[in-house]
Amino acid sequence: MRDDKINGFPLIVYYLGLFLLAVGLIILIPLVTLFFYEESREYAYCFLIPGSLSILFGYIVTFFFRGKKPMNLENNQDAVLVVLIWILAILISSIPFLLTFKMSLTQAIFEVTSGYTTTGLTVIDVSSCPKIFLFYRSLTLFVGGVGFVLIVTSAISDKLRLNIYEAEGHNDKLLPNLAKSSRLIFLLYFGYIFLGTILYLICGMNFFDALNHSIAALSTGGFSTKVGNIYDFHSTSIELVSMILMLLGGTNFVIHILLLKRKFKSVILHSETLFGFFLLISFVSVAVTIMSLTGFETDNNLFMVVSFQLISALTTTGFQNIADINILPHFFIGMMIIFMLIGG
């Protein structure tokens, strides 16, 4: 009798095959920049080769399991799968950087890991980096912000019963099943990125910078297309938009659902909202008062500098609206560290 079910180790291999298809598509997405920026065309092979091969291998793996029904993962298989997904994603996604022959393996893995974990640390000189790679970095932030596992399991419906999603560290199940939750999370992310891009355009950014900074702020990753990131734009309106996006990105998805349902009272009274605003209002007031009395001077509005830097720290984004962060008083830098620990 033919076994038409997939379980155990073959099940893990099957899901890894699906993931290879997904990561291959992710690597190919930056190729859209070639239609707008000719100078990036010489780097097309850096994405075509690993993206196409990942899709090919993913198809071959899933082909061997065609017609079979995936069963539920057992014991600790969900955790094993998550670890393998992360390892594969980082290794495969680092190939575009390696193919430029300008980055070492360590640097490529570092950059991709920083993006997928929305950490925002970088080894790239953005002033000379081709736009296709700048967009690719932002794309890793988007994927990391939404969640690797969510991207894979959104195509698998609920066969995993949310085990994998939870094994990645998420506890924000929004709706009764993962399929609906994933669609909602994607809708929220795309909606906020679209609105953020429009607002940045209105404030004077070009489209490329607006899109990348919208993704970077919402994912709280902080990758920028500028060396001095937000400070380089010298715009209070851009700083305000960035602050809003950072706060939205650092907020629990459950609160976003309450906003969509117009349950504003529940949003305001939510413990996370109350705690966050209490921290910001109290610490901003104290910092502005002390820095004013001590005669601290900056080329930007003091209230904006303090508010922006603390929000950036609390959401662990890493944006800055000051030329040199080292000129900030030591006590304020201590506040930022505390905020980063709380936000983390």
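The values are calculated or read from the model by the stated rules, or taken from the named source; none is laboratory data. Keep in mind that this is a model prediction, so the values were computed, not measured. FYI the Cβ positions are ideal-geometry reconstructions off the backbone, even for glycines, and counts take in every protein chain you see. Surface accessibility is based on the protein's heavy atoms, side chains included, excluding ligands, DNA and RNA. Shrake-Rupley method; radii C 1.70, N 1.55, O 1.52, S 1.80 Å.
Could you list, in sequence order, all residues of the stretch 316-339 that are β-branched (Val, Ile, Thr) and open to solvent by 10 Å² or more (accessible area, probe 1.4 Å)?
Thr316, Ile325, Ile327, Ile333, Ile337, Ile338
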Any hit, the stretch 78-94, residues being among the hydroxyl-bearing types (Ser, Thr, Tyr) and free of Cβ contacts under 8 Å to residues at least 12 places away in the same chain | no
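Table: residues versus (1) at pLDDT 90 or above; (2) of a type outside the set (Ser, Thr, Tyr); (3) touching a Phe, Trp or Tyr at 6+ places or on another chain (Cβ under 7 Å); (4) surrounded by fewer than 21 Cβ atoms within 10 Å (Cβ to Cβ).
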residue	(1), (2), (3), (4)
Ile268	no, yes, no, yes
Thr273	no, no, no, yes
Ile281	yes, yes, no, yes
Thr298	no, no, no, yes
Leu310	yes, yes, yes, no
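Is the stretch 62-74 home to any residue that is in contact with a strand residue (DSSP E or B) (Cβ under 7 Å, 6 or more places away or on another chain) and open to solvent by 80 Å² or more (accessible area, probe 1.4 Å)?
Just the residues of the stretch 62-74 that are in contact with a strand residue (DSSP E or B) (Cβ under 7 Å, 6 or more places away or on another chain), to begin with: 65, 68-71.
In the following step, the residues that additionally are open to solvent by 80 Å² or more (accessible area, probe 1.4 Å) were identified as 69.
Yes.
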Please verify whether the stretch 253-261 includes one or more residues that are β-branched (Val, Ile, Thr) and on the phi > 0 side of the Ramachandran plot.
-> no
Determine whether Phe110 is hydrophobic (A, V, I, L, M, F, W, C), touching a residue at least 12 places away in the same chain (Cβ under 8 Å) and open to solvent by 70 Å² or more (accessible area, probe 1.4 Å).
-> yes
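Does Val13 meet the test of being assigned to a helix (DSSP H, G or I) and either closer than 29 Å to Asn206 by Cα or among the polar types (S, T, N, Q) (or both)?
On the way: assigned to a helix (DSSP H, G or I): yes; either closer than 29 Å to Asn206 by Cα or among the polar types (S, T, N, Q) (or both): no.
No; evaluated as a whole, the condition is false for this residue.
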Hits in the stretch 200-242 (condition: touching a Phe, Trp or Tyr at 6+ places or on another chain (Cβ under 7 Å) and open to solvent by 20 Å² or more (accessible area, probe 1.4 Å)) | Leu201
Per-region count, the stretch 270-300, residues within 27 Å of the chain's Cα centre (by Cα) and free of Cβ contacts under 8 Å to residues at least 40 places away in the same chain | 12
